[in-house]
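The values are calculated or read from the model by the stated rules, or taken from the named source; none is laboratory data. Not measured: the values here are computed from a predicted model. Don't worry about glycine lacking a Cβ; one is built from the backbone with ideal geometry, like all the others, and counts go over all protein chains shown. Surface areas here come from the heavy atoms of the whole protein model, side chains and all, with no ligands, DNA or RNA. Shrake-Rupley method; radii C 1.70, N 1.55, O 1.52, S 1.80 Å.
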Amino acid sequence: MALNLLNRFSKYNCIFTPTFFRRYIMKKLLSTAAPLFLAAGLAAQSHYPGQHASKFAIKDALIPKVYAFDLEDVTLLDSRFTENMEREEHWIMSIPVDKLLHSFRTNAGVPSGTEGGYSEELRLGGWESLDCELRGHTTGHILSGLAMLYGTTKDDRYRSKADSLVKGLAEVQKALDQGGYLSAFPQELINRNLEGGNVWAPWYTLHKLLAGLIDQYLYDNNRQALDIAKGMGNWAYNKLKTVGPAQRAVMLKNEFGGINETFYNLYAITADTSYRWLGDLFYQNETLEPLKAGKDILAGRHANTYIPKLIGLTREYEIDGKGDGDGIARFFWETVVEHHTFATGSNSDQEHFFKADDISDHLTGYTGESCNVYNMLKLTRHLYTHTMDERYMDFYERALFNHILGQQDPKTGMIAYFLPMMAGAHKVYSTPDSSFWCCVGTGFENQAKYGESIYYHTDRGVVVNLFIPSELHGQFGLRQETDFPQTGATKLTVLTAGGDIQELLLRYPSWAVDGASIRINGKSIRIKEKPGSYIVLSRRWQTGDVIEVNFPMRLHTVPANDNPNVAAIAYGPIILAGEMGTEGFTGREPYSDPRKHNDYYTYDYHVPANIGTTLDSAKIRQTGPLTFEVKDRHLVLRPLYDIHRERYIVYWKLAR
């Protein structure tokens, strides 16, 4: 079989790495052993409608416009995305299981392999240190990351490591013997939260752990993980069932992440209504009722406390098929994207939303928290399945390429907390074992699930949304070859033409204002659709059919909402930044200093005084693939996602 696959790669002139080839063989072996999405039934649904159909006792009442594929249905081909994923794989596999379990075992009095305090080898630093109240959140994120890596690659190394983590957590839960409670911190933190005391987000941390355990069940079929999650849910119900309205309001003032979403998913998986009750309990009237009334009250609010609440509402709406959740979430999404978002798709300044449209006054070194983008992309995926509105994927593409893809340092695999918009700033990266910020945690997931929004499907067709080299498996299989965003061209080859698929729906991006061209098996096709929609190709598809698509890209400005004379430069959806070198770097740049308290938040960029921020956009000339220069000035513009370990400028004062 391997020889046949090698011949197949040669046919497409594909360059591949050994890691990629190993994954591909694993996926092909699995895909020939079991039918995929068409055989499973097009009405299957899950926490993203269309996924994990066999895992849910409660089927969603909502009939979406479009369904998501499971991660295992898509293989990434070699590209910048697979490079990011491989760097993350190396990091996530390098962190020993005992280190990730150390704080849990210490909390429960379970032997951790150390004695006398002489050894520090099992201790993680930063937000995972034993004196940090958020300790344990990384273990939850890594459980999710490993689940998604296994779902993406079917490489048993990820399942094996996750199984060891789950087994260790089960031992801790049993040793604690507190009605199912499980955490790296004692219940006293929960008690302080219920009393309105000073405590750092205990429900937020439990959300990460619960989500990781549920992901282990959904992606890896780990039933022990589900049993642990059910125990945690039972404990939470018994803990909170006597909480009154006043105490509930106090509890919900503290950040709780997306724990409402996890309880709704646990309910849908098990049909246990106590978990549904918990999901409802975490509805915060103070922040959600104004949105229901169409009011933008976001200014000054902590962004990543807000966004996950809406993800939970969309999940409730999908389960029930009715209610206010969808309308509230849509209003929130539109408000954030249209009035609180930078050209990169990121939002917030120092983690908080600012006054609507006040973009140019918030170009600081602490903009664009990566967790916000992670959660906005999750919310976007939910809302997209409800309507199949192309603008959701326009935003998804913008945030994925300009923020998430460039969040990771290509040299080390480390993760940036913020994406600074301040002229002359640079990305500040984490350390391997002494940071473990929230954005490191979501980064373990971001880099593992690049395949999740490339393709969707309807009852009759397959939807191509993102232009990323990849293969879609199943009774109807596609191969996508593209060098996007160097050009706007992509080539789709039908690998298998079984099932009832009659339509290919190609996203026609809103940025493609210069039109599009399509050829099927060499013959040009007339396009009647407009940018911001889907091009529908209907025919009796045959194995070997080739669809060649081109969306010409144009250089353009993206003005700040509040000041048309301040703008970013874009090529199609890709934000270009000016390379500004390393002047003023003193030694540690661009990495965080773990000896300083949360230095990502107080970081002094030492921006040189001579940084020039004025630009005449009419003088920009393309000199190579995704490389531009400014005439009569030694200034190079390249994709922001590709600028690392040096200063840059995103927003310019336009000369004219």
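Determine the shape class of the chain: with a ≥ b ≥ c the square roots of the Cα gyration tensor eigenvalues, call it rounded for a/c under 1.5, and otherwise prolate if a/b is greater than b/c, oblate otherwise. Mind dumping the intermediate values first?
On the way: a/c = 1.45, a/b = 1.16, b/c = 1.25.
Since a/c stays below 1.5, the shape of the chain is classed as rounded.
Need one number: % antiparallel among DSSP beta bridges in the range 555-654, to the nearest 5. Show your work: numbers first, answer last.
Numbers: 24 of 26 bridges.
Percentage antiparallel, nearest 5: 90.
Sticking with the crude label model, points 7 Å out along Cα→Cβ, report the distance from Asp156 to Lys65 in nm, one decimal please.
In this crude spin-label approximation the distance works out to 4.4 nm.
I need the shape label for the range 555-654. Rule: rounded when a/c is under 1.5, else prolate if a/b > b/c, else oblate, with a, b, c from the alpha carbon gyration tensor.
Because a/c hits 1.5 or more and a/b exceeds b/c, the range 555-654 counts as prolate.
So, for the range 264-385, what is the accessible surface per residue at a probe of 1.4 Å, expressed in square angstrom? Display every interim value, and only then the final one.
Details: 3380 Å² over 122 residues.
That works out to 28 Å² per residue.
Please report how far the C-alpha centroid of the range 591-655 lies from that of the range 518-559, rounded to the nearest whole angstrom.
Value for the Cα centre distance between the two parts: 34 Å.
Just read off the accessible area of Thr623 with the full protein assembly in place, 1.4 Å probe, to the nearest 10 Å².
Surface open to solvent at Thr623 totals about 80 Å².
Out of all DSSP beta bridges with both ends in the chain, state the antiparallel percent to the nearest 5.
Working: 66 of 73 bridges.
Antiparallel bridges make up about 90 percent of those DSSP assigns within the chain.
Could you tell me the accessible area of Ser94 in Å² (1.4 Å probe, neighbours in place), rounded to the nearest ten?
Per-residue accessible area (Ser94): approximately 70 Å².
Roughly how many Å² is the accessible area per residue of the range 555-654, as a whole number, for a 1.4 Å probe? If you can, show how the numbers build up before the last one.
On the way: 4760 Å² over 100 residues.
Normalised by residue count, the accessible surface of the range 555-654 is 48 Å².
Lys and Arg at +1, Asp and Glu at -1: add these up for the other residues within a Cβ distance under 13 Å of Arg330 and post the number. Present the calculation step by step, with values, prior to reporting the outcome.
Numbers: positive: Lys292, Arg391; negative: Asp324, Asp326, Glu334, Glu338, Asp389.
Net local charge, Arg330 excluded: -3.
With respect to the cross-link table entries Lys55/Lys230; Lys99/Lys427; Lys295/Lys355; Lys253/Lys295; Lys230/Lys449, which display a Cα-Cα separation exceeding 22 Å?
Details: Lys55/Lys230 14 Å; Lys99/Lys427 28 Å; Lys295/Lys355 13 Å; Lys253/Lys295 20 Å; Lys230/Lys449 25 Å.
In this structure, Lys99/Lys427; Lys230/Lys449 exceed 22 Å between Cα atoms.
Give me the extension gain from Glu579 to Ser533: residue separation times 0.36 nm, minus the current Cα-Cα distance, reported in nm with one decimal.
Details: separation 46, 0.36 × 46 = 16.56 nm, distance 3.46 nm.
Full-extension gain reported as 13.1 nm.
With charges set only on the Cβ (+1 for Lys and Arg, -1 for Asp and Glu), what does the dipole of the range 266-402 come to about its Cα centre, in debye to the nearest 20?
Values: 13 positive and 22 negative charges, 49 e Å.
About 240 debye.
What dipole magnitude, in Debye to the nearest 20, does the range 519-616 give about its Cα centre under +1 on Lys/Arg Cβ and -1 on Asp/Glu Cβ? Present the calculation step by step, with values, prior to reporting the outcome.
Details: 11 positive and 11 negative charges, 206 e Å.
So the magnitude is around 980 debye.
To the nearest 10 Å², what's Glu316's accessible area with a 1.4 Å probe?
40
Please compute the net charge surrounding His141, taking Lys and Arg as +1 and Asp and Glu as -1 over other residues with Cβ under 9 Å from its Cβ.
It works out to a net charge of 0.
For Trp511, Trp652, give the ranking by accessible area with the largest first, probe 1.4 Å. Please report the intermediate quantities before stating the final value.
Details: Trp511 30, Trp652 0 Å².
So, going from the largest accessible area down, we get Trp511, Trp652.
Just to verify a number: FRET efficiency for Gln224 and Arg588, C-beta to C-beta distance, R0 = 41 Å, to 0.05?
Values: r = 42 Å, r/R0 = 1.03.
Using R0 = 41 Å, I get an efficiency of 0.45.
Give me the net charge for the shell around Phe436: Cβ to Cβ below 12 angstrom, other residues only, Lys and Arg +1, Asp and Glu -1. Walk me through the numbers before you get to the answer.
Numbers: positive: Lys99, Arg123, Arg135, Lys208; negative: Glu128, Asp433.
With Lys, Arg at +1 and Asp, Glu at -1, the net is +2.
Be a star and scan the range 396-436 for residues whose amide nitrogen sits under 20 Å from the point 7 Å along the Cα-to-Cβ vector of Ser617.
Backbone N within reach: 398-399, 402-403, 421-424.
Full-extension gain between Asp604 and Asp361, please, as 0.36 nm times their residue separation minus the C-alpha to C-alpha distance. Before the final figure, lay out the partial values.
Details: separation 243, 0.36 × 243 = 87.48 nm, distance 1.88 nm.
The Asp604-Asp361 span can extend by a further 85.6 nm.
At what distance in nm do the modelled label points of Val110 and Thr496 sit from each other, each positioned 7 Å from its Cα along Cα→Cβ?
Here the modelled spin labels are 4.1 nm apart.
With +1 assigned to the C-beta of every Lys and Arg and -1 to the C-beta of every Asp and Glu, and no other charges, what is the dipole magnitude of the chain about the Cα centre in debye, to the nearest 20? The partial results should precede the final answer.
Values: 69 positive and 76 negative charges, 295 e Å.
About 1420 debye.
Any chance you could run the full-extension gain for Asn191 through Ala293? It's 0.36 nm times the residue separation minus the Cα-Cα distance, nm to one decimal. Working shown, then result.
Working: separation 102, 0.36 × 102 = 36.72 nm, distance 3.32 nm.
Additional length available on full extension: 33.4 nm.
What fraction of the DSSP beta bridges in the range 455-514 is antiparallel, stated in percent and rounded to the nearest 5?
Numbers: 13 of 17 bridges.
So the antiparallel bridges in the range 455-514 amount to around 75 percent.
With all protein chains present, how much of the accessible area of the chain (probe radius 1.4 Å) comes from carbon and sulfur, to the nearest whole percent?
Working: 11570 of 23830 Å².
Its accessible area is 49 percent carbon and sulfur atoms.
Please identify every one of the chymotrypsin sites (Phe, Trp or Tyr not before Pro) in the range 560-598 that sits in a loop by DSSP and has no more than 16 other beta carbons within 10 Å of its own beta carbon. Spell out each step's value before the answer.
Details: sites: Tyr571, Phe585, Tyr591; in loops: Phe585.
Those satisfying the criteria are Phe585.
Once you have a ≥ b ≥ c as the square roots of the Cα gyration tensor eigenvalues for the range 351-450, tell me rounded if a/c is under 1.5, and otherwise prolate or oblate according to whether a/b is larger than b/c.
Numbers: a/c = 2.04, a/b = 1.21, b/c = 1.68.
Judged from the Cα gyration tensor, the range 351-450 comes out oblate (a/c at least 1.5, b/c at or above a/b).
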